[in-house]
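*Asks:* Dumping the structure here so I can ask a few things about it.
The values are calculated or read from the model by the stated rules, or taken from the named source; none is laboratory data. Please read these numbers as outputs of a predicted model, since none were measured by experiment. Methodologically, a virtual Cβ is constructed for each residue, glycine included, from the backbone with ideal geometry; neighbour enumeration extends over all protein chains shown. Ligands, DNA and RNA are excluded from the accessible area calculation, which covers all protein heavy atoms including side chains. Shrake-Rupley method; radii C 1.70, N 1.55, O 1.52, S 1.80 Å.
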Amino acid sequence: MVVANIPSIFGWIMLYYTHSVVALYASTVLMGLSIGFSEAPILSYVGEITEPRLRGMMASLASAAGMLGMFLTYLLGYFYEWRTVALLSTLCPITCICLVMLIPESPIWLIANGKNEKAKKALCWLRGWVNPEIIAAEHLELVRYNEVSGTRIGKANVELDSLSSKLAQLKDPSVYRPLRLVMIVFFISYIICLLPCKPYFSQIMNQVDLSNDQSLLLVFFSILQIAGCIILVLSVNYLGKRFLTVMSVSINTILIILFGLYIVALNNNYIKSTPWFPTLLLSGISLFGTSISTLPWMLISEIFPNKSRGVAAGSCAALSYFLMFILTKTYLTIEIMLTLEYTMLLFGGIGIFGLIYLYIYLPETENKTLLEIEEYFK
């Protein structure tokens, strides 16, 4: 997590001094690499250090922090010139490095590498600077989990640590089954939550008579997403991830279908333009879409076995960004072929199939130990 912030620092500084297209691309590449590097260690760390009753809340906080960061960047851009915003943004990764240096290594990782005493000290720190006797039972449970999960103990084995052996772990049913589930959830979330609201937001608003005050609407929708994250953080421990996901997919699917039907009725002169109605629908998609768009990142932190969590989490993050790239690049082509209204109806149809799939195959992982979750996918 410390190393992942370093490219971001150079990326923001390069953006501040950029005077060419090449430098602009280079700064974007550095910040993109920083984001890609950070996904696997952050999600793995959150899943490994938290208690089952808090894991969902802590994982959702990570997504909430990301959305809050984007909102603050937009807000700073409203008051300051973009170079100033880039310079101020450099403080974020520097602050992250300083704070991460204060926290201990993951106890599970320490146990897997034969450092039991350091693991006990880390657990004491993470549970509130408690005495070793209080975390003794949890430490024994983590040792047992490490043994059952098949993680090596002791010095690194060069053969097991090779890239080919790590990628070969993806063939394990306990890895590819949850990986398949996570990628399907990513696909559903991008279709019914992100694509209708993000990539070509201006074009969508222009087509439904919402071209005025677009910047204000973008800030408003960002606030709704943050509000959705807060609701998710407060409710996930009580309602569970499965219920929140099924509910969010159901609501967003209905809203997208209504959005498509509204445009059909508007284009055929069945109704007059009523800007408040599409605004209400897009607001609902932003608010309720937070749960489904956050769920795959929450699952990544807990759904993979210990021995493969790093490579599996990194693979999921890479595939998710590649999937978003493909969907974003093909969106305009689909909209040109089908028009906006039927594109939304297509997304709604995909949402219905996604709802059926998640209802059948998505397990409840809230308040479950990592061992219980791993046993489910074996």
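*Asks:* Can you give the helix-only mean residue ellipticity at 222 nm for the chain, where every DSSP H stretch with n ≥ 4 adds -39500 (n - 2.57) and the sum goes over all residues, rounded to the nearest 500 deg cm²/dmol? Present the calculation step by step, with values, prior to reporting the outcome.
*Replies:* Values: 16 runs with 289 residues, N = 378.
Counting only the DSSP helices, I get -26000 deg cm²/dmol.
*Asks:* Ranked highest first by average number of other Cβ atoms within 10 Å, how do 352-364, 112-124 line up?
*Replies:* 112-124, 352-364
*Asks:* Further question on the same structure: What aspartates and glutamates sit close enough to Lys272 to cross-link, taking a C-alpha to C-alpha distance under 17 Å and skipping anything fewer than 8 places away on the same chain?
*Replies:* Qualifying aspartates and glutamates at Cα under 17 Å: Asp209, Glu341.
*Asks:* Which whole-number percentage describes the relative contact order of the chain, with Cα contacts under 8 Å and a sequence gap of 6 or more? Walk me through the intermediate numbers first.
*Replies:* Values: 445 pairs, mean separation 100.9, N = 378.
Computed over the chain, the figure is 27 percent.
*Asks:* If you roll a 1.4 Å probe over the chain with all protein chains in place, what percent of the accessible area is carbon or sulfur? Don't skip to the end; give the middle numbers.
*Replies:* Details: 13530 of 19290 Å².
Within the chain, the accessible surface is 70 percent carbon and sulfur.
*Asks:* If you don't mind, there's one more thing I want to ask. Output the pairs from Lys115/Lys378; Lys121/Lys307; Lys115/Lys307; Lys241/Lys368 with a Cα-Cα distance over 20 Å in this structure; if there are none, say none. Intermediate results must be reported in sequence, preceding the final value.
*Replies:* Values: Lys115/Lys378 28 Å; Lys121/Lys307 22 Å; Lys115/Lys307 16 Å; Lys241/Lys368 11 Å.
Distance filter (> 20 Å) returns Lys115/Lys378; Lys121/Lys307.
*Asks:* Now for a different question. What whole-number value in Å² describes the accessible area per residue of the chain for a 1.4 Å probe?
*Replies:* Working: 19290 Å² over 378 residues.
Roughly 51 Å² per residue, with all protein chains present.
*Asks:* Which of the aspartates and glutamates could be linked to Lys120 by a straight reach, that is with a Cα gap under 13 Å, when you skip same-chain ones fewer than 8 residues away?
*Replies:* Within reach: Glu105, Glu133, Glu138, Glu141.
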